[in-house]
Amino acid sequence: MFGKKERRRFSLNRGFAGDYIGLDNAPALRALVGKREKIEFAETVTKYDRRFQVPILLRSLFLFPRFSLISTKSKSLIVLNY
């Protein structure tokens, strides 16, 4: 094929899923986000202190097509629009 890479014969044509948290197995996180929202990327992020020695917080980062969301275990949300 000219100009495009050729696919392998038995490869599957499936969409990219950037869910590294496992939202299907975490209903509390899925309830925070909403059922109809399309999540492009989800990951758990660790925040460290200034010396990079002790992890302070575990946060969940969600990227959507129009905004991003950061949540902690205490359910405080930070919404960043772009």
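No value in this document is a laboratory result; all are computed from the given coordinates. Just so it is clear, the model here is predicted, and its values are computed rather than measured. We place every Cβ from the backbone using ideal geometry, glycine too, and count neighbours over all the protein chains shown.
Within the chain, how many lysine pairs that are 8 or more places apart, or on different chains, have C-alpha atoms less than 24 Å apart? Lysine pairs satisfying the spacing and distance rule in the chain number 6.
Dipole orientation for the chain: of the candidates 58, 3, 69, 3 has the Cα lying most toward the positive pole (charges on Cβ; Lys, Arg +1; Asp, Glu -1). Under 5 Å from the amide H of residue 41 lie the amide H atoms of 63, each residue being 5 or more positions distant or on a separate chain, with H modelled from the backbone and absent for Pro and chain starts. Using only alpha-carbon positions in the chain, the gyration tensor eigenvalues give semi-axes of 32, 17, 13 Å once each is multiplied by 5 and square-rooted (largest first).
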